[in-house]
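Contents: one structure, followed by commentary.
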Amino acid sequence: MHDFVTLTLNGENRVFDGVPDGGLSVAGLLVLTGLDTRKVAVERNEEIVPRSRYAETWLTSGDCLEIVHFIGGG
Amino acid sequence: MDGSIAPDGTIIDTWTVAGRTFSSRLIVGTGRYKDLEETGRAIEASGAEIVTVAVRRVNLSDAGAPMLQDYVDPKKYTYLPNTAGCFTAKDAVRTLRLAREAGGWNLVKLEVLGPPPLLYPDMQGTFEAAEALIKDGFEVMVYCADDPLAARRLQDMGCVAIMPLGAPIGSGLGLQNPAMIAMMMEHVTVPFLVDAGVGTASDAAIAMELGCDAVLLNSAIAHARDPVLMARAMKAAIEAGRLAFRAGRMPRRMGADPSSPLTGLIR
């Protein structure tokens, strides 16, 4: 069993190790990154991950994720 | 006409876009301020009810950094996510799908831009993106060229507001195309806004005097020496321009027409 997952996160390669047996979900990833889930949106391999499915969306090595939020803009 | 002056001096003059009704006819951007605190104060002073926001990657190395929502309350202001920085239809659609997930609303500002230094609206990309977004259930307020045919086509596709530029984004040149803006308006029945080009209060007033439903601006406030004061000036200019439009200006004439009678003069 792999206990690490390699992801491309906002364009950067990141290795998450010590992943529990069940794997790493989007919800788990957001906890690890310390982000407020109410203020971000997540895209996995160019598909939106609805907030309601964070807990059941499992990540596998090679996944490409974009995590965005609102900033000032015109 | 849904506007009139009440006995207490209150002016009721709302406008409606995509079924949402607003009193303020000024939409402001939230970018290019010194900091988030100044952003919040300037927006408050502007009286705006809709603010445009951008969608960007979070900074993963500073997850606890203050966010725009902490200074510009999404419960108080209608967030209008934009696609600034998108040069293709695909990027614009992706960006707004993320925005819808982050914010939970469908009302968006679409802009597909050509390359710097003009960042002129790329109308082919704009049409493609508008079609995909409308099909996907978005309500699209669209930034566009000052092209009456394009405006009509975007409206027929189902865009909820048509928003031509008055001058390039962030240029502060003021309305360079008042005649075209006025002619475009003839072809449009959905809300019509000038978006981009306003440099100072009189520019905003001119757009409103031409009959625009509202004006969208950002840099004119954010890059003023005193942004909070300029925000207040813009609020006044929008109101003044709107009232002047409703009042109907006097005809222009070549030559004088005295206000005081020319009879009964002393000799």
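The values are calculated or read from the model by the stated rules, or taken from the named source; none is laboratory data. Owing to the predicted nature of the structure, the values given are computational and were not obtained by experimental measurement. Here the Cβ is made from the backbone with ideal geometry for all residues, glycine too, and neighbour counts use every protein chain on show.
Among the residues that make up region B:81-92, is at least one of them within 12 Å of chain A (Cβ to nearest Cβ), in a loop (DSSP other than H, G, I, E, B) and hydroxyl-bearing (Ser, Thr, Tyr)? Before you say what the answer is, go through the steps one by one.
From region B:81-92, those within 12 Å of chain A (Cβ to nearest Cβ) are B:81-86, B:90-91; that's our starting set.
When the remaining residues are screened for being in a loop (DSSP other than H, G, I, E, B), the result is B:82-86.
Imposing the further condition that a residue be hydroxyl-bearing (Ser, Thr, Tyr) reduces the set to B:83.
There is at least one residue in region B:81-92 that is within 12 Å of chain A (Cβ to nearest Cβ), in a loop (DSSP other than H, G, I, E, B) and hydroxyl-bearing (Ser, Thr, Tyr).
Considering each residue of region B:101-108 in turn, none proves to be in a strand (DSSP E or B), of a type in the set (D, E, K, R) and under 24 Å from A:VAL40 (Cα atoms). Tell me yes or no: at least one residue of region B:150-172 is buried (at least 19 other Cβ atoms within 10 Å of the Cβ), modelled with pLDDT of 95 or more and among the charged types (D, E, K, R). The answer is no, given that none of the residues of region B:150-172 is buried (at least 19 other Cβ atoms within 10 Å of the Cβ), modelled with pLDDT of 95 or more and among the charged types (D, E, K, R).
Among the residues of region B:195-224, those identified as over 17 Å from B:GLY241 (Cα atoms), of a type outside the set (Gly, Ala, Ser) and assigned to a loop (DSSP other than H, G, I, E, B) are B:ASN218, B:HIS223.
Among the candidates B:VAL228, B:VAL188, B:VAL215, which residue alone is within 14 Å of chain A (Cβ to nearest Cβ) and among the β-branched types (Val, Ile, Thr)?
Checking each option against the conditions leaves just B:VAL215.
Considering region B:1-61, the qualifying strands (runs of 3 or more DSSP E), each wholly inside and each with 1 or more residues that are under 27 Å from A:ASP36 (Cβ atoms), run over B:20-22, B:26-29, B:50-57. With respect to (1) under 11 Å from the mean Cα position of the chain (by Cα); (2) at pLDDT 90 or above, the lone exception for A:LEU35 is condition (2). Could you please find all residues in region B:48-75 being at pLDDT 95 or above and not hydrophobic (A, V, I, L, M, F, W, C)? Across region B:48-75, the qualifying residues are B:GLU49, B:THR52.
Let's see how each residue does on (1) under 16 Å from B:MET157 (Cβ atoms); (2) surrounded by 22 or more Cβ atoms within 10 Å (Cβ to Cβ):
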{"site": "B:PHE87", "(1), (2)": "no, no"}
{"site": "B:LYS90", "(1), (2)": "no, no"}
{"site": "B:ARG100", "(1), (2)": "no, no"}
{"site": "B:LEU110", "(1), (2)": "yes, yes"}
{"site": "B:PRO116", "(1), (2)": "no, no"}
{"site": "B:LEU119", "(1), (2)": "no, no"}
{"site": "B:MET123", "(1), (2)": "yes, no"}
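Of all residues in region B:1-28, those being surrounded by 12 or more Cβ atoms within 10 Å (Cβ to Cβ), touching a Gly at 6+ places or on another chain (Cβ under 8 Å) and at pLDDT below 95 number 2.
Looking only at strands (runs of 3 or more DSSP E) that lie completely in chain A, which have at least 1 residues being touching a Pro at 6+ places or on another chain (Cβ under 7 Å) and away from every other protein chain (no Cβ under 11 Å)?
On the way: elements: A:4-9, A:12-17, A:41-44, A:47-49, A:64-72.
Answer list for chain A: none.
From the list B:THR39, B:THR52, the one residue that fits, being within 11 Å of another protein chain (Cβ to nearest Cβ), out of contact with any helix residue (DSSP H, G or I) (no Cβ under 7 Å at 6 or more places or on another chain), surrounded by 15 or more Cβ atoms within 10 Å (Cβ to Cβ) and under 21 Å from B:ALA214 (Cα atoms), is B:THR52. Scoring B:MET254 on the criteria (1) within 14 Å of another protein chain (Cβ to nearest Cβ); (2) in a loop (DSSP other than H, G, I, E, B) leaves a single failure, condition (1).
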